[in-house]
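Encoded as structure tokens, the structure appears first; notes follow it.
The values are calculated or read from the model by the stated rules, or taken from the named source; none is laboratory data. None of these values were measured; they are calculated from a predicted model. So basically every Cβ, Gly included, is an ideal-geometry build from the backbone, and we count neighbours across all protein chains shown.
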Amino acid sequence: MNGLDAAELPRERTDSRFLTSSLNDLPGASAGDIDALGAHADVCRESRGFWWRAGCVADSVGRFMAPRLVTTVVVVAIALGVGSLFT
């Protein structure tokens, strides 16, 4: 197989709980783990400044506009044509 003995293979699950791990009887997160994760999330959140948010906005606009490229070009051309009539 893959070099594991039969004793090392995970046991078949008998309960119907959903777990995100394929292994049985894994230890839960300790209070220290949760605190460290919270501190890390705080540092990550604080490191996101103006330019990160500006990049997110630019990505969102790009994802919205890319599938509508032809329509956008037509609307801009019409707007410029109408604008040039009044100048």
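Miscellaneous remarks
- Any chance LEU4 is in a loop (DSSP other than H, G, I, E, B), surrounded by 10 or more Cβ atoms within 10 Å (Cβ to Cβ), among the aliphatic types (A, V, I, L, M) and at pLDDT below 85: no
- Filtering region 59-87 to residues that are exposed (fewer than 10 other Cβ atoms within 10 Å of the Cβ), part of a helix (DSSP H, G or I) and among the hydroxyl-bearing types (Ser, Thr, Tyr) leaves only SER84.
- Within region 40-51, being in a helix (DSSP H, G or I) and exposed (fewer than 10 other Cβ atoms within 10 Å of the Cβ) holds for VAL43, CYS44, ARG45, GLU46, SER47, PHE50, TRP51.
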